[in-house]
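What follows is calculated from the coordinates using simple rules that are stated; it is not laboratory data. Computed from a predicted model, the values in this text were never measured in an experiment. Positions of Cβ are generated from backbone atoms using ideal geometry, with glycine treated the same way; all protein chains shown enter the neighbour counts.
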Amino acid sequence: MRRSRRKQDEPDLGILSSRTLFGLQHELVETLAEQGHPRLRPRHGAVMAYLDEEGSRATDLAAQSGQHKQVIGTLVDELVELGYVERQPDPADRRAKLIVPTEKGRDHMVKSDAIIAAMEAEHASAVGEEAYAEFKRVFKLVAERQADAGRRK
């Protein structure tokens, strides 16, 4: 008789990835709220996590985050209303617009980077520096491979 596998006992890559993402997002958003950014939500990460300090085009943000351009447009509208970004003409192509962080947006970016670095340092301390470095190396390879597979379909 075959013994059934329970998902919670042996989670697959999708479950492990979602637990990691949702846990990270929850802690990040909660900590950012404590540090003066209470109105941002995890969905805003599709823009803020990929935004260059000098500005980014919406099409680039969509490609990097894996979101549709229309979703990015909606998120940018929300972030403009919240005061985190503004649209400016792209100096390289006046027909295009850049999404540029405001002072409030740059503060958010700096704090987010520091929070993520602290979270990573805690994980490295808990599992060991070498083990965590190897985990990140392998996880990056798996993520890149999965992204490539998704683009081929």
Quick check on the exposure proxy: order ASP148, ASP52 from fewest to most C-beta atoms within 10 angstrom. ASP148, ASP52
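Let's see if you can work this out: charge +1 on each Lys and Arg Cβ, -1 on each Asp and Glu Cβ, no other charges. What is the dipole magnitude of the chain about its Cα centre, in debye to the nearest 20? Mind showing how you got there, number by number?
Values: 25 positive and 26 negative charges, 216 e Å.
Roughly 1040 debye, rounded to the nearest 20.
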On a full-extension model of 0.36 nm per residue, what is the gain between GLN64 and ALA96, subtracting their alpha-carbon distance, rounded to one decimal in nm? 9.7 nm
Among ILE72, ILE15, which comes first, then next, by fewest other beta-carbon atoms within 10 Å? ILE15, ILE72
For the chain, which span is the longest to avoid every loop-located (per DSSP) member of GluC sites (Glu not before Pro) having at most 13 other Cβ atoms inside 10 Å? 55-153
Which aspartates and glutamates, if any, have their Cα less than 15 Å from the Cα of LYS97, not counting same-chain residues under 8 positions apart? ASP52, GLU53, GLU54, ASP60, ASP77, GLU86
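Which ordering of VAL47, VAL138, VAL100 is given by a fewest-first count of other beta-carbon atoms within 10 Å?
Details: VAL47 28, VAL138 10, VAL100 18.
Result, fewest neighbours first: VAL138, VAL100, VAL47.
Which whole DSSP H helices in the chain pass both tests: a Cα extent of 27 Å or more along the axis and a mean Kyte-Doolittle value no lower than -1.0? Walk me through the numbers before you get to the answer.
Numbers: long enough: 13-34 (31 Å, 0.48); 103-127 (36 Å, -0.25); 129-152 (35 Å, -0.90).
Result, helices passing both filters: 13-34, 103-127, 129-152.
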